[in-house]
Amino acid sequence: MTVIDRFEGDKAVLETEKGMVTILRSSLPAGAAEGDVIVLRNGSYLTDKKATAERRRQIRSKLRRLIKEER
């Protein structure tokens, strides 16, 4: 899985299974955001909307559990 970790100017830092990779931000699809899951197909990056939504759901669920444990 490849996730957009952050943007640094005109660069995008991606978290991949093999470590961090930096690419040009312009290589990503319009509207790509930090936390989006992306895939490389036919030389172009595409946002995997289903995987991104599932990942965000899991993160929200973990955050809710952590907040409950702190109370």
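The values are calculated or read from the model by the stated rules, or taken from the named source; none is laboratory data. As the structure is a prediction and not an experimental result, all values here were calculated from the model. Backbone-built Cβ (ideal geometry, glycine too); neighbour counts: all protein chains shown.
Any residue at all in segment 10-17 that's part of a helix (DSSP H, G or I), of a type outside the set (D, E), in contact with an Asp or Glu (Cβ under 6 Å, 6 or more places away or on another chain) and free of Cβ contacts under 8 Å to residues at least 60 places away in the same chain? Checking segment 10-17: not a single residue is part of a helix (DSSP H, G or I), of a type outside the set (D, E), in contact with an Asp or Glu (Cβ under 6 Å, 6 or more places away or on another chain) and free of Cβ contacts under 8 Å to residues at least 60 places away in the same chain. Among the listed residues T22, T2, which satisfies the condition of being modelled with pLDDT of 95 or more, surrounded by 14 or more Cβ atoms within 10 Å (Cβ to Cβ) and polar (S, T, N, Q)? The unique qualifying residue is T2. Within segment 17-33, how many residues are among the β-branched types (V, I, T) and under 15 Å from L46 (Cβ atoms)? Number satisfying all stated conditions: 1. The requirement of being at negative phi, within 11 Å of the chain's Cα centre (by Cα) and not acidic (D, E) is satisfied by T47. Name the single residue that is farthest from F7 (Cα to Cα) among those in segment 38-62 being of a type outside the set (S, T, Y) and outside any helix (DSSP H, G or I). Here the answer is N42. Mind listing just one residue for me: the one in segment 13-42 that is among the hydrophobic types (A, V, I, L, M, F, W, C) and within 17 Å of E54 (Cα to Cα) and, of those, nearest to the chain's Cα centre (by Cα)? So the residue we want is V37.
Based on what the data block shows, is R65 at pLDDT 95 or above, out of contact with any helix residue (DSSP H, G or I) (no Cβ under 7 Å at 6 or more places or on another chain) and in a helix (DSSP H, G or I)? For R65, the condition - at pLDDT 95 or above, out of contact with any helix residue (DSSP H, G or I) (no Cβ under 7 Å at 6 or more places or on another chain) and in a helix (DSSP H, G or I) - is not met. Scanning segment 18-37 for residues being among the aliphatic types (A, V, I, L, M) and free of Cβ contacts under 8 Å to residues at least 24 places away in the same chain gives a total of 5. Looking at G35, G31, just one residue is loosely packed, with under 10 Cβ neighbours inside 10 Å and part of a loop (DSSP other than H, G, I, E, B), and that residue is G31. Tallying residues that are surrounded by 10 or more Cβ atoms within 10 Å (Cβ to Cβ) and free of Cβ contacts under 8 Å to residues at least 40 places away in the same chain within segment 38-56 yields 13.
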